[in-house]
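The values are calculated or read from the model by the stated rules, or taken from the named source; none is laboratory data. What you see is a predicted model, and the numbers here were worked out from it, not measured in a lab. All Cβ positions, glycine included, derive from the backbone under ideal geometry; neighbour counts span all protein chains shown.
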Amino acid sequence: EAQVTQNPRYLITVTGKKLTVTCSQNMNHEYMSWYRQDPGLGLRQIYYSMNVEVTDKGDVPEGYKVSRKEKRNFPLILESPSPNQTSLYFCASSPYPPDQPQHFGDGTRLSIL
Amino acid sequence: AQTVTQSQPEMSVQEAETVTLSCTYDTSENNYYLFWYKQPPSRQMILVIRQEAYKQQNATENRFSVNFQKAAKSFSLKISDSQLGDTAMYFCAFMNHHYNTDKLIFGTGTRLQVFP
């Protein structure tokens, strides 16, 4: 089954404790992306990757890191999480160029106390 | 900067009726792609419809259709014969594939409630 898998689905943690949200896709897609969803703000792109070892900033990259060492994986890293990063996070993938619909993961609800 | 605006935070419609959700965008590009995504309470993101800007014909998917007005930069979604399962957040999105940028920009969403 074609899918984008995010883990964990839910996480409650404390300020400053490094965390990683994993994202994996099994569709051999070149393009992968991370979004955060906040009430009243819609989805905002954090980072995206056009292929292995190629990443670029989206609209809200501050406080986040990503890496793309393998085509299927695109983890999101919060080195020192802060409460303003409490949000719902989505990973997505598509073929490149990304003018095709995105395949989204089920989301990760992150709460930082 | 490219922006997407959804001016209706919430809308409601009675089952079997028709509803239109509005979306406007701002870009100086000529070739781009527009999408409507649906997010039901399960929070999954589901593609509803896709439009290529260079195609004048409005996209249609069963009960869902768009009114794409390129000159006005408008991309509204019409849902005909509304069903209870259409209750969801709806997001309009814009993608301009350029040689050095591949951002996908979303609007703030419209929450649609379908009443029996």
Among B:Thr5, B:Thr60, B:Thr20, B:Thr27, the single one that is more than 11 Å from chain A (Cβ to nearest Cβ) and either at pLDDT 95 or above or buried (at least 17 other Cβ atoms within 10 Å of the Cβ) (or both) is B:Thr20
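For (1) free of Cβ contacts under 8 Å to residues at least 24 places away in the same chain; (2) surrounded by 19 or more Cβ atoms within 10 Å (Cβ to Cβ), each residue gets a yes or a no:
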{"position": "A:Tyr64", "(1), (2)": "no, yes"}
{"position": "A:Ser67", "(1), (2)": "yes, no"}
{"position": "A:Pro81", "(1), (2)": "no, yes"}
{"position": "A:Leu88", "(1), (2)": "no, no"}
{"position": "A:Tyr96", "(1), (2)": "no, no"}
{"position": "A:Pro101", "(1), (2)": "yes, yes"}
{"position": "A:Phe104", "(1), (2)": "no, yes"}
Residues that are under 30 Å from B:Glu10 (Cα atoms), more than 13 Å from every other protein chain (Cβ to nearest Cβ) and modelled with pLDDT under 95: which strands (runs of 3 or more DSSP E) entirely in the range A:10-100 hold 3 or more of them? none
Being charged (D, E, K, R) and in a loop (DSSP other than H, G, I, E, B) is the filter here, so list the residues in the range B:21-46 that pass it. B:Glu29, B:Arg43
Pairs, first among the acidic types (Asp, Glu) in the range B:47-75, second outside any strand (DSSP E or B), C-beta under 9 Å, six or more apart: B:Glu52/A:Asp99; B:Glu52/B:Asn31; B:Glu52/B:Tyr32; B:Glu52/B:Ala59
